[in-house]
Amino acid sequence: MAGRHILVINAGSSSLKFALVNEQQEQFPIQGLAERLGSNEAMLHWQQDGEKHSRTISNATHTEALAQLLPLVEAVAGGKISGVGHRVVHGGEDFTAACLIDSKALTAINANTPLAPLHNPANLQGIAAVTALYPDLPQVAVFDTAFHQTMPAKAYRYALPEALYREHGVRRYGFHGTSHQYVSTQAAKLADLATNNSSWLIAHLGNGCSTCAVLNGHSVDTSMGMTPLEGLVMGTRSGDVDPNLHGHLARTLGWSLSDIDRMLNQDSGLLGLSGLSNDMRQLEAARSDGHPGATLAIDVFCYRLAKSLAALSCALPDLDGLVFTGGIGENSELIRAKTVAQLGLLNLHINNDANANCVRGKSGPIHQSGSRRILVVPTNEERQIAIEALALLNE
Ligand code: AMP
């Protein structure tokens, strides 16, 4: 197979997602997921040539799962993988771009663990697993936060005592950077504009949701903060709430910090508002049947999203367009229409036919003539990680 191959890995605490990316092919030759690692029910699932396969890998660790999947990946790649690109969640202020993984990078990723206590250790486990099996293969870390390191201080600082920032890194970092970078670059291509001379509002709407203002290829503000809880209403995350809520719940209900954390991260958002589901497809169906909770959840979701986009427009001197991406952004005609209907002051007006047609992986414009651009661009974080890994290998 012509073209270089990068194996992209996204390691979670008990899972490992992977995709083989060929620089010359749009489709991934093989991709899959090892899940429930460390348990009796551990499984490896993969997709190759449009066919799905599964294998039981009881009690497999990350390394053991990799040992099982690497021969499959190598066979597809004709024996040659040029490198591995790891998604790493938090790079703090240490990483403003992707980097080749060496002992210094590992130390810095580890040092940022307090900012992402669940994710960074899992990402490090994925790196250790590859190192154990292929010590000489170049590995690259691509950070969710790095793209947002170009935000100015007025966007990333909280109005808190300075020592909390200086000594403890309490500031806004932003996430979904890989997606925002990929999507804003693709949007510029679609609009026939130079990335370094374009300005976009991006709405990444999946189970996690964030907005980003991208000016000349750089993030200048984003809705997520020190953690991915800040900002928009998400599947199970609340997004912004009054910071005094913690004290109120502790005083009046006796809730502990972990009770409050769990409620805000796992029981809130679309799920909490609707009392039904965190899945937008299910909520749209229930709304059509008149379900009041689903109707309210969708109203709040779209209003808060529109407010966030309008607020982020303050970061841009001009606006070349609004871009929708993520599972909801790429597929939901309803959410796009309801959100844009509240952004008329930004001269954003949707074309209903184009909006209805732009689903299931299609990209393209969905605005009326005379409106600013509104685009749908499917995200591709694996591709972006591979692009960044290949760029580093080229150096
Ligand atoms: P992601 O995390 O990017 O995979 O996105 C997951 C979200 O996308 C879930 O809320 C899904 O319900 C939503 N989604 C996927 N397909 C559709 C669709 N056709 N209409 C509405 N929402 C969708």
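Where a number appears in this text, it was derived from the coordinates with a stated rule and is not lab data. For clarity, every value in this text was computed on a predicted model and none was experimentally measured. Neighbour counts run over all protein chains shown; Cβ positions are idealised from the backbone, glycine included.
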So what is the diffusion coefficient of segment 226-357 in µm² per second by Stokes-Einstein at 25 °C and 0.890 mPa s, using a Kirkwood Rh over Cα pairs?
-> 152 µm²/s
Which is farthest toward the positive dipole end of segment 14-125 among ALA98, GLN24, ALA65, measuring Cα position about the Cα centre, with Cβ charges +1 (Lys, Arg) and -1 (Asp, Glu)?
-> ALA65
Hey, what's the Kirkwood Rh for the chain if you take every pair of different alpha carbons, in angstrom?
-> 22.0 Å
For segment 181-314: relative contact order, % (alpha-carbon pairs under 8 angstrom, 6 or more apart) | 20 percent
Can you give the charge dipole size of segment 149-217 about its Cα centre, rounded to the nearest 20 debye, using +1 on the beta carbon of Lys and Arg and -1 on the beta carbon of Asp and Glu?
-> 120 debye
Could you please rank HIS246, HIS119, placing first whichever residue has the fewest other Cβ atoms within 10 Å of its Cβ?
-> HIS246, HIS119
Segment 132-177 versus segment 224-255: alpha-carbon centroid distance in Å = 21 Å
Give the relative contact order (percent, whole number) for segment 160-248; include only Cα pairs under 8 Å separated by 6+ residues.
-> 24 percent
Counting other beta carbons within 10 Å of each Cβ, put ILE109, ILE9 in order, fewest first.
-> ILE9, ILE109
With GLN181 itself left out, Lys, Arg at +1 and Asp, Glu at -1 over residues whose Cβ is under 10 Å from its Cβ give -2
Kirkwood hydrodynamic radius (C-alpha pairs) into Stokes-Einstein, segment 126-273, 37 °C and 0.692 mPa s, D in µm²/s = 188 µm²/s
Over segment 212-285: Rg over Rh, Cα atoms, Kirkwood Rh | 1.08
Rg(Cα) / (2.2 N^0.38 Å) computed for segment 46-96, rounded to two decimals | 1.52
Charged-residue dipole, Cβ positions (Lys, Arg, Asp, Glu), segment 154-310 about Cα centre, Debye nearest 20 = 300 debye
Give the cross-link partners of LYS52 among the lysines, using a straight C-alpha distance below 21 Å as the criterion and excluding same-chain residues fewer than 8 apart.
-> LYS17
FRET efficiency for LEU345 and ASP299 from the Cβ-Cβ distance with R0 = 30 Å, rounded to 0.05, comes out at 0.95
Send over the per residue convex hull volume for segment 1-45, Cα only, as a whole number of Å³.
-> 63 Å³
Ranked from fewest to most other Cβ atoms within 10 Å of their own Cβ, VAL183, VAL377, VAL170, VAL130 fall in the order VAL170, VAL130, VAL377, VAL183
Alpha-carbon Debye profile of segment 71-137, log10 I(q)/I(0) at 0.13, 0.19 Å⁻¹ = -0.40, -0.77
Note on the chain: helices (DSSP H) long enough, at least 27 Å by alpha carbon along their axis, and hydrophobic enough, mean Kyte-Doolittle at least 1.0, are 292-312
Test item: Cα-centred dipole of the chain, Lys/Arg +1 and Asp/Glu -1 on Cβ, debye | 440 debye
If the convex hull is drawn through the Cα atoms of segment 1-159, its volume per residue in Å³ = 128 Å³
